[in-house]
Amino acid sequence: MIDTAIVLPYILACLLFSLVPGPSVSVVVANSLAGGTRAGLLTILGTEISMLSMVFIVALGLDAVMTFVSGAFEIIKLAGAAYLVWIGWRMFTARGHLELEPGRRKSELRYIWQGALVNWSNPKTLLFLSAFLPQFVNLSRPAFGQIMVLGLIVMAVATLTDAVYALAAGRARHVLTAARVRMVSRISGVLLMAGGVWLALQKKA
């Protein structure tokens, strides 16, 4: 369905795209530190579900859909930025533990929902996919199937790279001493708040 000659360069490009930390990586790391590797992997599931919806929008290529999403970008972006800052503040002010919700664990569904929301809150992800994926499409063949395959590849690469972050952060929480837990919580909180501010300041391309 896609030209085999472009597969390797495309995967390398996807790898470079996925390795660059962004708001999604920040929340994956923060959740992994707070709730363990499983929490990070569930967060990744949420980000990938949202990315699949973005790939589907790009594959459809409907101007009406893209116009609607573009018009909603500012609201989605600001809501997501505020959410990141709120999570970061909760972690920054936590007292001696990494759990975001004192006294109770977050539900698995909430980790998934959180990952999806944060990823959708970054409009540049959709803009990047809409500009990036068509570059590898053979115009002599139907575009929808090619874009979906290309999208699944970039999702697979992103899942692997994000999983590395989740595993590393999940393992790190088990070797932390009590004296360092608060410091890690504060650092994670600062990273999330910085990611929220960065997201809010981004201009639509």
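Points to keep in mind about this one:
- Residue within the range 8-15 that is at pLDDT 80 or above, buried (at least 23 other Cβ atoms within 10 Å of the Cβ) and not hydrophobic (A, V, I, L, M, F, W, C) present: no
- Which numbered condition residue 141 fails, given (1) in a loop (DSSP other than H, G, I, E, B); (2) closer than 23 Å to residue 193 by Cα; (3) modelled with pLDDT of 75 or more: (2)
- Pairs meeting the criteria (first residue in the range 151-166 and acidic (Asp, Glu), second residue modelled with pLDDT of 90 or more and assigned to a helix (DSSP H, G or I), beta carbons under 6 Å, at least 6 apart or on different chains) are 162/44.
- Total residues in the range 36-51, condition over 12 Å from the mean Cα position of the chain (by Cα) and hydrophobic (A, V, I, L, M, F, W, C): 1
- So residue 33, is it surrounded by 20 or more Cβ atoms within 10 Å (Cβ to Cβ), more than 14 Å from the chain's Cα centre (by Cα) and part of a helix (DSSP H, G or I): yes
The values are calculated or read from the model by the stated rules, or taken from the named source; none is laboratory data. Being a predicted model, the structure only gives us computed values, none of them experimental. Neighbour counts run over all protein chains shown; Cβ positions are idealised from the backbone, glycine included.
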